[in-house]
Amino acid sequence: MHAVAIVAAAGSGSRLGADRPKALVPLAGRPLVCWAVDGLLAGGVAEVVVTVPAAERDAFAAVLPAAVRIVDGGSTRTASVRAGLAAAGPDADVVLVHDAARPLTPPDVVARVIAALAAGAPAVVPVLPVVDTTVLVDDDGAVVDAVPRAPLRRVQTPQGFARDVLERAYAALPDGAELTDDAAVVRAAGVRVETVRGDERAAKVTVPHDLTLAELAVTLDGTVTR
Ligand code: C5P
């Protein structure tokens with residue numbers, strides 16, 4: 001099984017208040033995207049494509065390993081993943097799509113996703129339970145109803161797909177359609193999406209507090225050695 005990873009790294013980082021694309025923001029001195037790529041390779045990925053803001057190609061090339069393919073992303077995450085998928089090499093039979101914004105995703109999570117694909121899943125996502133009481137609110141923010149949380153899951157990345165399944169689903173997606181993750185793209189094409197156990201360390205860095213937590217995790221967690 002030859003797994004290619006597409007790392008979506010073409011976002012701006014505006015919610016992080018950064019002066020550069022989020023994927024280039026340093027965590028313990030190394031750009032987020034480098035941590036993300038390391039985790040994928042350590043988890044069993046053979047090939048990596050990173051989608052970047054077109055104006056920042058050189059900055060990404062300066063920090064990424066030479067074997068990583070760098071392609072221009074699009075104006076939405078969906079467009080960026082589409083561009084990355086088109087640049088995947090011919091050998092890959094499975095595709096993992098990952099957010100650069102999840103720098104500390106443990107290799108074990110990557111390995112679980114690849115193992116599920118090897119066992120025949122057409123699509124698989126890492127998930128975690130919802131631990132907070134979860135409610136629906138109306139337009140004014142008043143609670144309308146509580147949602148039973150037992151069947152709810154939070155979905156992380158990397159999300160894994162049989163290559164032909166993901167390519168067919170993207171080909172069927174209308175131009176301009178914007179979905180928040182790739183599992184939604186294949187579900188729109190009628191594909192069953194399986195789940196494996198995610199990991200709190202795969203949390204997404206979105207706002208400055210997330211970066212503070214990631215810095216703490218690197219400092220305190222002896223298992224993070226990169
Ligand atoms: O904005 P958000 O954190 O949800 O983005 C998730 C991932 O998608 C990030 O790693 C970001 O760099 C990437 N992205 C992208 N192209 C865009 C927007 C976001 O590759 N146009």
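The values are calculated or read from the model by the stated rules, or taken from the named source; none is laboratory data. Keep in mind that this is a model prediction, so the values were computed, not measured. Neighbour counts are summed over all protein chains in view; Cβ atoms, including those assigned to glycine, are modelled from backbone coordinates with ideal geometry. These area figures cover heavy atoms from the full protein model, side chains too; ligands, DNA and RNA do not enter into them. Shrake-Rupley method; radii C 1.70, N 1.55, O 1.52, S 1.80 Å.
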Worksheet entry | Full-extension gain in nm, Ala59 to Glu178, via 0.36 nm per residue minus C-alpha separation | 40.1 nm
Worksheet, complete the sentence: Binned at 5 Å starting from 0, the alpha-carbon pair-distance distribution of the chain in whole percents comes out as 1, 7, 15, 18, 20, 17, 12, 7, 3, 1, 0
Worksheet item: If you plug each phi of the stretch 82-97 into the Karplus form 6.51 cos²θ - 1.76 cosθ + 1.60 with θ = phi - 60°, what whole-Hz ³J(HN,Hα) values come out, in order, with x for Gly and Pro?
Response: 4, 5, x, 4, 5, 9, 5, x, x, 7, 6, 10, 10, 10, 10, 10
Worksheet item: Is the shape of the stretch 127-226 rounded, prolate or oblate, going by the alpha carbon gyration tensor and its root eigenvalues a ≥ b ≥ c, with a/c under 1.5 for rounded and a/b larger than b/c for prolate?
Response: oblate
Worksheet entry | Karplus-derived 3J(HN,Hα), 6.51/-1.76/1.60, for each residue of the stretch 2-15, Hz, glycine and proline x | 10, 9, 9, 10, 9, 9, 7, 9, 9, x, 8, x, 5, 5
Worksheet entry | Linear extension gain, Ala119 paired with Ala189, 0.36 nm per residue minus alpha-carbon span | 23.1 nm
Worksheet item: Who wins for biggest fluctuation among Val193, Val45, Val205 in a Gaussian network model of the chain, springs between alpha carbons below 10 Å?
Response: Val193
Worksheet, complete the sentence: Largest fluctuation, Thr180, Thr212, Thr133 only, Gaussian network model of the chain with Cα springs under 10 angstrom, belongs to Thr133
Discussion item. Cβ neighbours within 10 Å, averaged per peptide: list 170-177, 24-31 in order, most packed at the top.
Written reply: 24-31, 170-177
Worksheet item: Carbon and sulfur atoms: what percent of the 1.4 Å accessible area of the stretch 1-140 do they account for?
Response: 53
Item to complete: Grab the DSSP H runs of the chain that are 4 residues or longer, score each as -39,500 (n - 2.57), total them, divide by all residues and round the 222 nm result to the nearest 500 deg cm²/dmol.
Response: -9000 deg cm²/dmol
Worksheet entry | Å² per residue, accessible surface of the stretch 3-224 at 1.4 Å | 47
